[in-house]
Amino acid sequence: MVTVVGQRVVIYPSHTLRAHFENQLYALLLGGPRIDILSRLPYEIAVYVLRFVDMSNLCKIALISRAWNQLSNDNEVWRSVYLYQQQWKIKIPTRKSTLINSSKSNSTSKSLVDQLQDLSLSTHSQLNWKQLCHDRKALESRWRSIPTKTKLIGHEDSVYCIQFDSTKIVTGSRDQTIKFWDAHTLQCTDTLHGHSQSVLCLQYNEHRMISGSSDNTIIIWDMETRQPLSRLHGHAAGVLDVCFDDQYIISCSKDTSIKVWDVNKMVLIRTMTGHRGPVNAVQLHEGQVVSASGDGLVKLWNVATGVCIRDFVGHERGLACVQFDGVTIVSGSNDNTIRIWEAATGRCIRTLTGHEKLVRTLHFDQNRIVSGSYDYTVKVWDVETGECTLDLNDGHVSWVFDVQFSSSRIISTSQDKNIVVWDFAGDIDTSLFV
């Protein structure tokens, strides 16, 4: 990892090399001459050195002496430990909530260093980073144990789709409604009516929500008033999935087409054809769309031109779901497998086996994949190893249609009309975790 600090470039070694050096240093300090090197340094420099030590070795260093214990408990040291972890995102409680994480910033966004400088100026920046590290570590360990579960009952038929955040859960159902639920009380707070048939898919951001239905239409909703803004017509069959960003709405359908709409003008820009079966899922990321079809193919498209860039061939039967983060594609199929693909080359990196029926839905980040299947189960997988780390098989009594997860929750929906909230947090305060 390379970080720019002022005019200096700080190069972080790889995780493996870093751990090797730390273990050697720790062994040398315990077994070698009793020279207290760290305590002889100015406090600021000693703290800077410890910012390069990971969590487990920092805990060891705290046991060496009182002076080292004091240094290792410095808040800046633990902030570095937290931010070094992949996917440990945090919401900083400023006037406008800021999201900071250890991933590389892209060229158009604020660098991590700039974010940290802003953070140091904030009156709300004095977080207990050591406690946050220990809480996050404890939370991660719980992802290998069966969590508590709560069922949300309110829809009158199958629940096809879900999205949630720290304040709300939004679901769409075969009963033709979209329901809003309070993320804390788990009570239904609002029910939207607009589609004349099943609500098959939805996605929202702070300002708007897009939903697609078996009635062949797409509705754009105002998230503040929760009223329809516009209805899009164009598909000749049910709209099976939707996604959008600041420029485009992408929809796919049982009619085998993918349509690109202008998100502001709400008009059709182009139709992309090439699949020979229903297009069951689409995912949009920075001008590229990945689609998954009943024809057994995953396709990568350029949205601006409508050109298919690449086919991903390997699944033995039709596909039901796909996710894409710009680098990695993950797909689920009726061949009961999940495949992880390299988007730039089309190479299949790994095939995950364990589901006994159609893999209907999945969601992933850099650490884990969560999948739901017609075998009634929800499974958690390690992205690096492909190992199934958790099998949740007692939540639903019918097909699982959708899953989403955060740092502390999985929420799944099913043909059994239920929404299941799987909670890993317990007594851990996760209010700042994403």
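Sorting 267-277, 373-383, 200-210, 39-49 by average packing, meaning the other beta carbons within 10 Å per residue, from highest down gives 373-383, 200-210, 267-277, 39-49. Taking 0.36 nm per residue of separation and subtracting the current Cα-Cα distance, fully stretching the chain between THR273 and LYS357 would add 27.4 nm. Structural descriptor for the range 149-423: relative contact order 13 percent, calculated from alpha carbon pairs under 8 angstrom and at least 6 residues apart.
Database remark: amide H of LEU390 closer than 5 angstrom to the amide H of VAL380 (H placed geometrically; neighbours at sequence offset of 5 or more, or on other chains; Pro and chain starts carry no H). By the Kirkwood approach, averaging reciprocal distances over each pair of separate Cα atoms, the range 149-423 gets a hydrodynamic radius of 18.4 Å. Annotation: extensible slack from ASN302 through SER196 equals 34.9 nm (criterion: 0.36 nm per residue apart, minus Cα-Cα distance). Once backbone amide H atoms are built at 1.01 Å from N, ARG310 has LEU300 as its partners under 5 Å, excluding neighbours fewer than 5 places away on the same chain.
From largest to smallest, the equivalent ellipsoid semi-axes obtained for the range 246-301 from the alpha-carbon gyration tensor read 20, 12, 8 Å. Legend: ranking of residues ARG174, ARG310 from fewest to most surrounding C-beta atoms inside 10 Å; resulting order ARG310, ARG174. Scaling against 2.2 N^0.38 Å puts the C-alpha radius of gyration of the range 339-381 at 1.22. Pairs of Cα atoms nearer than 8 Å and 6+ residues apart set the relative contact order; for the range 264-352 it is 20 percent. Our summary gives the range 293-433 a relative contact order of 13 percent, counting only alpha carbon pairs under 8 angstrom and 6 or more residues apart.
Cβ-to-Cβ counts within 10 Å put ARG79, ARG350 in ascending order as ARG350, ARG79, the fewest first.
Listed from fewest to most Cβ neighbours within 10 Å, the set TRP143, TRP341 follows the order TRP143, TRP341.
Since every read-out is calculated from the coordinates, none of them should be taken as a lab result. This structure is a prediction, so every number in the text was calculated from the model and none was measured. Heads up, the Cβs are rebuilt from the backbone with ideal geometry, glycines too, and the neighbour counts pull from every protein chain shown.
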